[in-house]
There are 2 protein chains.
Amino acid sequence: MKAYLAGPDVFLPNAAQNAEAKIKICATYGLIGRAPLEDVAQISTSPPGDVWRAIFRKDIEMMEECDLIIANLTPFRGASADAGTLLEVGWFLGRGKPIFGYSNCATSFSERSRAQQAALPDQMQAVAVEDFGLPDNLMVPGAVEQGSGLAVTLPPDALTRPFNALDIFEICVAQAAQRLGLR
Amino acid sequence: MKAYLAGPDVFLPNAAQNAEAKIKICATYGLIGRAPLEDVAQISTSPPGDVWRAIFRKDIEMMEECDLIIANLTPFRGASADAGTLLEVGWFLGRGKPIFGYSNCATSFSERSRAQQAALPDQMQAVAVEDFGLPDNLMVPGAVEQGSGLAVTLPPDALTRPFNALDIFEICVAQAAQRLGLR
């Protein structure tokens with residue numbers, strides 16, 4: 001089975017090595033990992049104004065080819081996970097394909113939302129903060145639970161990992177493999 | 001046609017009036033607006049630990065009933081749009097239903113990403129910033145363009161509106177109605 005490896009990992013300085021390491025972990029558990037990164041060479045031949053469209057199309061094509069998603073839901077530039085990753089998780093939910101997700105962050109969404117709230121313009125200070133003790137906006141754990149029956153995989157020791165650490169990813173892959181009957 | 005009115009508007013202190021105003025604007029353009037808000041009364045009967053699941057299920061049911069989405073993509077607690085809204089846009093993309101979106105924010109995603117970058121832990125300072133002059137991560141305008149052939153509706157005068165202003169929403173609804181052949 002092919003797993004779409006969604007996440008802002010593509011923006012890491014060592015994105016290629018990171019993708020390789022993730023694909024290797026997937027292989028250990030009987031999954032074929034596909035990282036959206038692989039297409040960069042093809043995309044660079046597009047006219048400059050169309051590069052982003054080429055990346056979009058390639059990512060959608062790769063999602064079409066994959067059987068499931070394993071999403072890096074670690075918060076990225078704000079209280080929530082990366083925007084592109086969230087959109088992709090929603091796509092898999094709409095298609096009814098399995099959804100697995102993990103986060104390297106041990107603090108709750110409500111805690112991170114309150115921290116971001118302080119930086120908002122005055123008119124936004126009164127905006128309600130969801131307080132369900134969840135790792136992100138309820139639609140995110142909701143999608144993962146509907147898509148796999150599982151919760152978002154979090155650090156079991158409640159210690160936040162560096163953004164590029166892969167031990168929580170590996171726990172998530174192991175759970176996915178078990179859920180999919182691969183082990 | 002029924003339009004799912006996605007957005008973090010549900011967190012506003014005057015969420016009910018905001019939803020009413022949006023539904024009224026939709027009606028002017030021949031669209032039936034549905035705001036996820038309407039379900040609060042039904043949901044409050046769920047056991048406390050299950051409230052978020054009840055909200056998730058109700059939102060998905062409402063999405064199933066709707067023919068298109070009009071998403072408030074104004075940045076929310078970070079560089080990007082609200083997490084739940086992004087997930088819902090992805091769901092409509094996966095289902096192949098029309099997608100319209102707007103943002104009250106006139107600054108680019110790259111500018112907002114750089115501002116957020118400064119607040120990130122050291123290990124994240126080297127993370128690449130997408131620089132396509134787009135209003136959000138490329139998957140967001142990509143989804144809107146694939147879902148309607150249109151760009152994300154932005155302030156035509158390049159002036160950021162307050163979060164709850166509805167004039168850009170109205171431009172977006174007018175464009176949607178035209179695109180859908182309602183006017």
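Structure summary
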| read-out | value |
| --- | --- |
| Residue match in segment B:9-27 (condition: among the basic types (K, R), touching a Leu at 6+ places or on another chain (Cβ under 6 Å), surrounded by 17 or more Cβ atoms within 10 Å (Cβ to Cβ) and modelled with pLDDT of 95 or more) | yes |
| Test result for A:E88, of a type in the set (D, E), out of contact with any Phe, Trp or Tyr (no Cβ under 6 Å at 6 or more places or on another chain) and more than 10 Å from chain B (Cβ to nearest Cβ) | no |
| Failed criterion for A:Q125 (all others in (1) surrounded by 15 or more Cβ atoms within 10 Å (Cβ to Cβ); (2) modelled with pLDDT under 95 hold) | (1) |
| B:V173 more than 14 Å from chain A (Cβ to nearest Cβ) and either part of a helix (DSSP H, G or I) or more than 19 Å from the chain's Cα centre (by Cα) (or both) | yes |
| Subset tally (residues that are closer than 25 Å to A:I60 by Cα, polar (S, T, N, Q) and buried (at least 18 other Cβ atoms within 10 Å of the Cβ)) for segment B:140-183 | 2 |
| Enumeration of residues in segment A:145-164 that are under 18 Å from A:R112 (Cβ atoms) and of a type in the set (A, V, I, L, M) | A:A151, A:V152, A:L154, A:A158, A:L159 |
| Meets criteria (β-branched (V, I, T) and either at pLDDT below 95 or open to solvent by 10 Å² or more (accessible area, probe 1.4 Å) (or both)) for B:I99 | no |
| Inter-residue pairs, beta-carbon under 7 Å, first closer than 10 Å to A:G30 by Cβ and in segment A:167-183, second outside any helix (DSSP H, G or I) and modelled with pLDDT under 95, 6+ apart | A:A177/A:R183 |
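Residue by residue, here is whether (1) modelled with pLDDT under 90; (2) under 15 Å from the mean Cα position of the chain (by Cα); (3) within 11 Å of chain A (Cβ to nearest Cβ) holds:
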site: B:V40; (1), (2), (3): yes, no, no
site: B:K58; (1), (2), (3): no, no, yes
site: B:L68; (1), (2), (3): no, yes, no
site: B:V144; (1), (2), (3): no, yes, yes
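The values are calculated or read from the model by the stated rules, or taken from the named source; none is laboratory data. Quick caveat, the model's predicted, so the values are computed rather than measured. With ideal geometry, Cβ positions are generated from the backbone for all residues, glycine too; neighbour counts draw on all protein chains shown. Each accessible area value is taken on the protein alone, full model and side chains, heavy atoms only, with ligands, DNA and RNA left out. Shrake-Rupley method; radii C 1.70, N 1.55, O 1.52, S 1.80 Å.
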